[in-house]
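Encoded as structure tokens, the structure appears first; notes follow it.
The values are calculated or read from the model by the stated rules, or taken from the named source; none is laboratory data. Everything numeric here is computed off the predicted structure, so don't read it as measured data. Glycine gets a Cβ as well: all are built from the backbone with ideal geometry, and neighbour counts include every protein chain shown. Note: areas computed on protein heavy atoms with side chains; ligands, DNA, RNA excluded. Shrake-Rupley method; radii C 1.70, N 1.55, O 1.52, S 1.80 Å.
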Amino acid sequence: MALFSGGANKSKQVELQNIIFGTNEKKLMVSNEFLDEMTKVYISKRMKSINNAMASISTTKSPRTFFGCLDSIHDSLKELMALEKYYSFKKPVPTEFKKNLEAKKDKYVLAMINRAWKNANTKANYDPTAGVPRSPEQFGPILDEMIEFRDQYTEATFGHIDRFYTSVYEHSIDYVPEPEPEEELSEEEASALAAESADNAEAASDDGIQEFIPEDFGDDLVLHE
């Protein structure tokens with residue numbers, strides 16, 4: 001990578017300095033050599049973070065870890081993309097890397113889902129040939145963790161999770177059960193309810209209207225019946 005692909009100039013150096021050091025200076029406060037050195041450190045740190053996160057999303061069995069690493073990669077790429085006007089990166093440049101990552105996201109997501117599901121089956125010592133249904137107690141936690149990141153999935157990847165979910169709960173994730181019909185009252189219960197309602201109405205009539213007078217009203221307040 002080389003500093004200032006379009007040729008060095010003071011304004012770009014100041015802009016780069018402010019990005020690298022998080023400052024808001026109007027002039028260059030460090031030497032060109034020091035700025036070059038610290039820019040390489042800045043880039044190296046973020047590229048290392050991306051490489052570590054990429055290794056994790058390719059191996060983790062935890063949806064939470066997977067999407068946390070994916071967020072970390074996007075954060076680092078955003079910072080590196082801001083340097084493209086100052087540095088000539090080796091291929092792929094950060095913008096291209098991001099496009100490639102987005103294009104392969106479903107592939108990475110599906111692989112993670114399969115690893116997580118396989119791991120849950122291994123932990124539960126589940127034998128698919130035994131004809132025994134999967135237990136919600138054993139498989140519910142990993143399904144809940146997958147569903148927690150629903151906004152990260154495409155229709156295809158979420159459908160993959162839904163198939164696993166159905167194998168445990170025997171219905172899809174978005175299944176809404178029909179409300180149970182209310183039980184009809186027996187003749188005796190209906191009569192008792194009607195009598196109670198009549199008694200309550202009579203008691204309310206005997207009590208009359210409860211009048212509330214705020215404390216700050218004077219004695220000259222008159223209530224009209």
For the stretch 1-158: rounded, prolate or oblate by the Cα gyration tensor [a/c cutoff 1.5]: prolate
Rounded accessible area of Asp174 (nearest 10 Å², 1.4 Å probe): 90
Cβ-Cβ FRET estimate between Met38 and Asp106, R0 fixed at 35 Å, reported to 0.05: 0.40
Net length gained if the chain between Ile19 and Thr59 were fully extended (0.36 nm per residue, minus Cα distance): 11.1 nm
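Within the set Lys12/Lys40; Lys78/Lys123; Lys48/Lys118; Lys26/Lys48; Lys12/Lys90, which residue pairs have Cα atoms separated by over 27 Å? If you can, show how the numbers build up before the last one.
Values: Lys12/Lys40 16 Å; Lys78/Lys123 38 Å; Lys48/Lys118 29 Å; Lys26/Lys48 31 Å; Lys12/Lys90 20 Å.
Violating the 27 Å limit, Cα to Cα: Lys78/Lys123; Lys48/Lys118; Lys26/Lys48.
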Table column - 3J(HN,Hα) (Hz), the stretch 100-107, Karplus curve with 6.51, -1.76, 1.60, x for Gly and Pro: 5, 5, 5, 5, 9, 4, 4, 5
Rounded accessible area per residue of the stretch 51-174, 1.4 Å, Å²: 57
